[in-house]
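The next block holds one structure in the form of structure tokens; read it before the comments.
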Amino acid sequence: MKAFKGGIADEVSIDLGDADEYDVSMETYAQYAVMNNVIDSFNMSIDSDNDSLARIHQLLPQPYFAKVTLQFPGRPAPREIYFGSTGITDEHHHQLIVDWRAPVAETYYNQGNGPMTYEANGRTVSCDLKLRRQFDVDHDRLRAYFDTTVAIEDPMLLDSLSRRRSAQLQAITATIQSEQNRVIRHPDVPALLVRGVAGSGKTSVMLQRIAYLLYRQRESLSADQVVLVTPNPVFERYIWNVLPQLGEKNPRTMRWEQLIDRLGPGDRARGDDVSAQTLRDLEDGLAGLQLGPDDVREVRVGDWVLLSAKQVWGVVSRLLAKTLPSPRLCERVEEELLFRLEQRVRGMAKEDRLRDEMLSLDDDEQEEVFGSPIRPDVEDEEEMLGYARIYAEWIGAPAIEQVERADWLRLDRIGMRVLGASSLSSVEWVWLKVVLTGKTDAAAKFVMVDEVQDYSEAQLMVLSRYYSRAHFLLLGDPNQAIRPGTASFDRIRAVFEAARGSVDECALMTSYRSTPEITDLFARLADDDGMRISSVHRPGVAPRLVECPAPMPRDASGTAAGAAGGDGSDAYVEAIAREVDAARERGGLAAVVVDSRRRLHWLAERLAAVMGEAAPAPRGTDSPESAPAAHGPAPLVMGDGASLPQEGVVMLTLELAKGLEFDHVIVADAQASEFPATPLARRRLYTAISRATRRVTLVSQGPLTELLAGALDEGALVGDALS
């Protein structure tokens, strides 16, 4: 490429002529214009070739996964169309493989033969589907193919589901089912609320919809305009490979805690219990708000006060005479403060204080400010002034950010006055900032919220207001609402109806994760509101319920055995260790799911003491001594910053297990004290059990929770009690 461009440049004869030789100069300029056009065309060709090469690499592992034969009206012969993870043409621009997101692919995902229609380029296309064929292709090897019309008997799907879980979520492009397809290809609407049972593919559907939107709106939508709100870092890493598999870039990811930190409310209470009415009261209270001098602060960087509080109030008070406290007022204040800040920074360059400070910088500090160490000539005023201006601008840069963030407003003072409160939580502080200043993320066009049932109504109000111009996809399962005080689906719908005007809804009622036996068990724990949860898996192994002796009663000192490791807990720990050994021997990825961090720390220490190798200790605990025994290694304890291994046994809290799946799940502490007969405990147990794909074992320390009474009555496998 470099040689090609150099050769073109050599062909240009440079002759600008004398000042009065206009024609000669224009001829040279014309040659430059022609050369630039040739280079532009060459660059476009290279970009096109690179794009084609990337598509080829994407298709190499599986060139295509399906074919349909369509008879179009007025055509003498039917047309065969192959579908793959991306589209590709031959050198004559004939379509070899059609992208799964193309409109005609609807005929494949409808999963039925016969006359049908699909929408393309604003018109309805009629056709007759003669054949729907699925392929199992591995690079250049055809392993199998199936002609199928009914999703529930889909051999490709069943084969995919029979494979062991991997450390990362995989794309489901080849096995998208009809109800999933309705969500993925749903028309673009202000808000789409998807209720899906455990294992129905909500997360996969969300990622496939992102890929679909990026494809269908490729001229106007980029990945950085899509925000994915995720529950935890482990989940982020679990899904990180799906979109690149489909040839798309990952969107921005944001956890609730990261959003709060980004907006800058500082170290304060999370505000999980803040009501939606409190936020409405806060907004209503701004209508009659009277700002005063104490409601603003100075703009300061270190020891430099760039704008005093008196100067800031002078700007605010003058503009208040023309408009009420509002985003418009804050915008006008910001404009004037930035203008004054620019003047202040310009004047600082001439101050002796700044020059003395500049000359006292060490080499590392000079490197940071100027890019390299400097040795200015103090006698050369122009040189000194140049360096001083650079240093003044460096000092002023954080001040500009402060003004643009509206840090000149004392939001705590304002909010506490409006609410009559002694402090503001993070939720209240962020809501006040967004409502009063209008500081929102207007660049985001789509926001996808997974596990939406775990957010409070107030948190959802903040999200809808902060991402002010975005369309929302909200996915969740009310039976997996594992925190108290979260919003019901009725309230979620109400929040977004108020914010966006309307909410479309879809349901995913088929579980593709778990065997029928596991699905039946967690389905018993679901709220009965007309749902019919079904599994498409082949029959598997019955759930195993192991009831161990209860812990010893409290001793004379008041210490409860089992909370700190009395004899009564030995059988329980031994039972968990045996299940861990069995899971490791079977292979795949297994998990010991513990309901709380407190119990996780305790169980990790005890397992490490009785198993053959010490487990990595959770943060804040001491690693116990390794004690060889008749067991394999203890499980790997997962923290917030960890990634799932490809295989083995891990141990993690229910909070971290959310959204993940494992070949075998061992639910620890399945006793009544940890899972009492309450709606919240029922949802937590439903969530823990539904992480399992092939096997689930529930181990209790004492009598099993009453929530499993029905399962016991109807023949779940009960393990021998250990004494």
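When the residues GLU401, GLU368, GLU655 are ordered by accessible surface, computed with a 1.4 Å probe over the protein chains alone, the sequence from largest down reads GLU368, GLU401, GLU655. Full extension of the segment from SER596 to ALA102, taken as 0.36 nm per residue of separation minus the current Cα-Cα distance, would add 173.3 nm.
For LEU698, nonlocal amide neighbours, meaning residues 5 or more places apart or on other chains whose placed amide H falls under 5 Å from its own, are ARG544, LEU545, VAL546, VAL667. Take region 404-461 with all the other protein chains still there, run a 1.4 Å probe, and you get 29 Å² of accessible area per residue.
Distance between the pseudo-spin-label points of GLU706 and ALA269 (7 Å out from Cα toward the beta carbon): 3.2 nm. In this simple spin-label approximation, ALA120 and PHE72 carry label points 7 Å from Cα along the Cα→Cβ vector, and these lie 0.5 nm apart. Ordering MET358, MET116 by accessible surface, largest first, gives MET116, MET358; the 1.4 Å probe counts only protein heavy atoms, with every chain in place. Among 381-390, 422-431, the peptide with the highest mean count of other Cβ atoms within 10 Å heads the list, and the full ranking is 422-431, 381-390. The ellipsoid equivalent to the alpha-carbon distribution of region 280-351 has semi-axes of 28, 13, 10 angstrom, derived from the gyration tensor eigenvalues as √(5λ) and listed largest first.
Full extension of the chain between TRP240 and ASP356 yields a length gain of 36.7 nm, computed as 0.36 nm times the residue separation minus the alpha carbon distance.
Region 168-201 and region 74-118 have Cα centres separated by 21 Å.
When the charge dipole of region 204-334 is built from unit charges on Cβ atoms (+1 for Lys and Arg, -1 for Asp and Glu) and taken about the Cα centre, the candidate among GLN290, GLY271, GLN245 whose Cα reaches farthest toward its positive end is GLN245.
Spatially, region 253-275 and region 362-425 are offset by 25 Å when compared through their Cα centroids. Annotation: extensible slack from GLN170 through ARG469 equals 104.6 nm (criterion: 0.36 nm per residue apart, minus Cα-Cα distance).
Evaluated at q = 0.13, 0.20 Å⁻¹, the base-10 log of the normalised Debye intensity for region 336-401, with identical point scatterers placed on the Cα atoms, takes the values -0.35, -0.78.
The mean of 1/r over all distinct Cα pairs in region 219-304, once inverted, gives the Kirkwood hydrodynamic radius of 17.4 Å. At an R0 of 60 angstrom, the distance between the Cβ atoms of GLU382 and ARG262 translates into a FRET efficiency of 0.90. Peptides 74-81, 183-190 ranked from most to least packed by the mean count of surrounding Cβ atoms within 10 Å: 183-190, 74-81.
Under the criterion of Cα pairs below 8 Å and six or more residues apart, the relative contact order for region 377-469 equals 22 percent. Scanning residues 5 or more positions from VAL296 or on other chains, those with amide H under 5 Å from its amide H are ARG410, with H placed 1.01 Å from N in the peptide plane.
The values are calculated or read from the model by the stated rules, or taken from the named source; none is laboratory data. Given the structure is predicted, the values throughout are model-derived calculations rather than measurements. Cβ: placed from backbone, ideal geometry, glycine included. Neighbour counts: every protein chain shown. Each accessible area value is taken on the protein alone, full model and side chains, heavy atoms only, with ligands, DNA and RNA left out. Shrake-Rupley method; radii C 1.70, N 1.55, O 1.52, S 1.80 Å.
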